[in-house]
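Please treat every number below as a calculation from the coordinates, not as lab data. Not measured: the values here are computed from a predicted model. Ideal geometry is used to build each Cβ from the backbone, glycine not excepted, and the neighbour counts take in all protein chains shown.
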């Protein structure tokens, strides 16, 4: 059973954070859905900080996305 | 949810796009039932002009070819969804000069409510926030 997971987020997180998220999400999917290692795909889509808005606030103005 | 995702030809003026995003956020909070501004997410994908096709052919250079995808949970009326899509087309027309007739919108409102969570907790769509 192929599982696909796309995570959409503003750019500004470190490479290490993103790699850890992908590994953790993959592990959770494989564990909880009891899939084989070849059946899980996870992609992270990073949007420019001026192309993501939450609650009327641009990611550009969010402290969480000021790294890197 | 609600999430509004816009696909636009790249090269649009940043401040005009930002204005669109602000006005869409505000309109979502005003028009959609049980929706507050803090709940609305708007994201924009810039697509290079040589990667946009219509009828199997590249679209014209002056065609922004906007596509809107609106993800929304249960508890909102068809009338509100239609009004919101119309308002989004107006906003794109007013700020980016898009021909309203060229705005295509898809409303995805059939996600199972139990398949959406916030911070790991299943969202309770029966709870009224306004």
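Quick notes on this one:
- DSSP beta bridges confined to the protein assembly as shown are antiparallel in about 40 percent of cases.
- With both residues required to sit in the range B:3-122, DSSP beta bridges show an antiparallel share near 45%.
- Euclidean distance of C-alpha centroids, the range B:73-102 and the range A:1-59, integer Å: 29
- Per-pair calculated FRET efficiency, R0 = 30 Å: residue B:127 and residue B:86 via Cβ, rounded to 0.05: 0.60
- Calculated mean residue ellipticity at 222 nm for chain A: -9000 deg cm²/dmol, from DSSP H runs with n ≥ 4 weighted as -39500 (n - 2.57), summed, divided by the residue count and rounded to 500.
- All Cα-Cα separations within the range B:46-130 were binned at 10 Å from zero, giving a P(r) of 14, 35, 27, 19, 4, each value a whole percent of the pairs.
- Estimated FRET transfer efficiency when R0 is 35 angstrom, pair residue A:46-residue B:79 (beta carbons, to 0.05): 0.45
- Helix-only CD estimate at 222 nm, as mean residue ellipticity for chain B, using -39500 (n - 2.57) per DSSP H run (n ≥ 4): -9500 deg cm²/dmol
- For chain B, the longest principal axis of the Cα atoms and the long axis of helix B:78-96 meet at an angle of about 40 degrees.
- Per residue, the convex hull spanned by the Cα atoms of chain A measures out at 95 cubic angstrom.
- Translational diffusion coefficient (Stokes-Einstein; Kirkwood radius from C-alpha pairs) of the protein assembly as shown at 4 °C, 1.567 mPa s, in µm²/s: 71
- Computed extension length for residue A:6-residue A:25: 5.8 nm, one decimal, from 0.36 nm per residue of separation with the Cα-Cα distance subtracted.
- Summarising the label geometry, the points placed 7 Å from Cα in the beta-carbon direction at residue B:58 and residue A:18 lie 2.8 nm from one another.
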